[in-house]
Amino acid sequence: MTQYVAPRPGSSGARRLVGGPRPSDRIFRGLSYGSAALIMVILAGVAVFLIIKAAPAIAASWSTGDLASGTTAGYANFWAYSGPLIWGTLWMSFIGLLIGAPVAVGIALFISHYAPRSLAGILGYLVDLLAAVPSIIFGLWGIAVIRPYLLPFSHFLTEYLGWFPPFGGQVSTTGSTVLAGAVVLGVMVLPIITSITREIFLQTPRLHEEAALALGATKWETVRLAVFPYARSGMVSAILLGLGRALGETMAIALIISPSIVFSVALLTENQNSQTIAANIAVNFPESNDLPRAGLIGTGLMLFVISFAVNFAARWIVGRTGGSAKERRSRKIAPPSDAASILTLDVAASPLEALEPRGSSAHPEGQEPSIPELRD
């Protein structure tokens with residue numbers, strides 16, 4: 001038990017702290033260290049399991065035996081089989097994020113800074129509710145609604161933008177395209193990106209926003225100059241967490257698209273859609289025997305490595321964009337020392353324009369204020 005001992009007579013100083021930590025403190029510390037170690041043990045166990053189960057297929061000859069027939073037929077080795085799947089996973093996830101991330105950030109910004117308080121609470125609840133919808137429901141919604149809805153749009157893209165490779169080729173007659181799957185995937189990543197980004201926007205120091213408004217900034221300038229710089233690293237983290245969700249999505253993609261194990265950037269075709277790792281495992285695992293199943297587990301190992309790479313990239317980007325507290329404290333704006341800068345401060349109608357000489361929306365059309373001529 002921790003005790004405080006008064007200093008001896010004639011000595012200077014405060015009371016001394018003697019004794020060890022309490023038993024409850026030792027128990028809590030042991031549980032904390034044990035939990036952290038357990039996460040590492042589980043992670044290492046999953047990695048070891050995947051490596052052991054995938055090793056026979058990685059080392060085997062794919063031109064003979066079980067690997068030369070069925071869904072694994074026609075591939076020279078494991079890397080020729082897993083390469084198109086890795087590409088399809090990354091391509092589908094990228095298109096889904098390209099569709100969903102800007103919408104998610106816009107929703108988060110509207111909820112946190114533009115919507116009335118009563119409406120913001122309802123919208124936040126509805127967005128969070130999307131996270132509870134099973135992926136199979138999203139897949140059925142994609143089949144019944146998204147695929148027919150995108151068919152006219154697909155014909156329009158092919159007619160006017162067919163020279164661009166993703167929009168080229170024969171348009172699917174059923175709508176089972178990468179574009180349909182990416183739209184559903186973009187909706188599925190909305191909740192995680194929106195909820196995290198919204199909370200980060202709400203954490204922006206109120207004084208920063210009030211200072212921007214006091215300097216004459218409009219609402220958009222306040223968001224651009226005060227909110228986005230503060231939330232930059234958090235937005236990157238939220239988007240990469242959404243990427244992690246997109247990488248592992250299975251049933252929705254397996255239901256919507258008609259895939260092939262090929263390298264393809266086509267978004268609107270029916271037989272040239274790149275398959276994803278997770279969907280390929282879900283479709284073929286029940287029908288596979290030992291060696292083909294080991295090949296599927298090997299592709300799962302590749303997905304495991306990709307997820308690790310995404311997490312490490314997220315940490316690196318957050319570290320680069322966020323910076324340490326010491327670095328942020330060292331970034332100071334020096335006062336103007338040359339005559340041109342002082343003159344800019346004198347003629348600017350608002351301090352924001354002095355900081356951004358290209359113009360501020362505090363003036364009509366973002367133009368610099370004109371200086372009246374003196375006439376005799």
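The values are calculated or read from the model by the stated rules, or taken from the named source; none is laboratory data. It should be emphasised that the depicted structure is a prediction, and the values quoted were computed from it without experimental measurement. Quick reminder, even Gly has a Cβ in these numbers, built from the backbone with ideal geometry, and neighbours come from all protein chains shown.
Worth pointing out:
- Among residues of segment 22-35 being loosely packed, with under 10 Cβ neighbours inside 10 Å and at pLDDT below 90, the one that is nearest to Phe308 (Cα to Cα) is Ser24.
- Any hit, segment 177-192, residues being surrounded by 15 or more Cβ atoms within 10 Å (Cβ to Cβ), under 16 Å from Phe228 (Cβ atoms) and in contact (Cβ under 8 Å) with a residue 40 or more places away in the chain: no
- Any hit, segment 50-66, residues being surrounded by fewer than 17 Cβ atoms within 10 Å (Cβ to Cβ) and at positive phi: yes
- Residue match in segment 155-176 (condition: touching a residue at least 24 places away in the same chain (Cβ under 8 Å), part of a helix (DSSP H, G or I) and touching a His at 6+ places or on another chain (Cβ under 7 Å)): no
- Screening the candidates Phe201, Phe156, Phe167 for the property of being over 22 Å from Leu109 (Cα atoms), crowded, with 19+ Cβ neighbours inside 10 Å and among the hydrophobic types (A, V, I, L, M, F, W, C) yields one hit, Phe167.
- Selection from segment 124-135 of residues that are out of contact with any Pro (no Cβ under 8 Å at 6 or more places or on another chain) and either buried (at least 18 other Cβ atoms within 10 Å of the Cβ) or under 17 Å from Gly96 (Cα atoms) (or both): Gly124, Ser135
- Verdict on Ser112 being polar (S, T, N, Q) and without any contact (Cβ under 8 Å) to a residue 60 or more places away in the chain: no
- Identity of the residue in segment 70-99, of a type in the set (Gly, Ala, Ser) and in a helix (DSSP H, G or I), that ends up farthest from Gly248 (Cα to Cα): Gly70
- Residue within segment 222-244 that is among the basic types (Lys, Arg), modelled with pLDDT of 85 or more, closer than 23 Å to Gly124 by Cβ and touching a Leu at 6+ places or on another chain (Cβ under 9 Å) present: no
- Among the residues of segment 296-327, those that are modelled with pLDDT of 90 or more and not aromatic (Phe, Trp, Tyr) comprise Leu296, Ile297, Gly298, Thr299, Gly300, Leu301, Met302, Leu303, Val305, Ile306.
- Verdict on Ala76 being more than 16 Å from Pro191 (Cα to Cα) and surrounded by fewer than 19 Cβ atoms within 10 Å (Cβ to Cβ): yes
- Across segment 255-294, the number of residues qualifying as closer than 30 Å to Ala108 by Cβ and of a type outside the set (Val, Ile, Thr) comes to 4.
- Condition met for Leu67 (in contact with a helix residue (DSSP H, G or I) (Cβ under 8 Å, 6 or more places away or on another chain), over 18 Å from Leu303 (Cβ atoms), free of Cβ contacts under 8 Å to residues at least 24 places away in the same chain and in a helix (DSSP H, G or I)): no
- Residues satisfying the stated conditions in segment 195-222, i.e. part of a helix (DSSP H, G or I) and either touching a strand residue (DSSP E or B) at 6+ places or on another chain (Cβ under 7 Å) or of a type in the set (Ser, Thr, Tyr) (or both): Ser195, Thr197, Thr222
- Filtered by the rule that a residue be under 22 Å from the mean Cα position of the chain (by Cα) and within 15 Å of Thr89 (Cβ to Cβ), segment 255-283 gives Val265, Ser274, Gln275, Thr276, Ile277, Ala278, Ala279.
- Number of positions in segment 180-194 that are assigned to a helix (DSSP H, G or I) and under 15 Å from the mean Cα position of the chain (by Cα): 10
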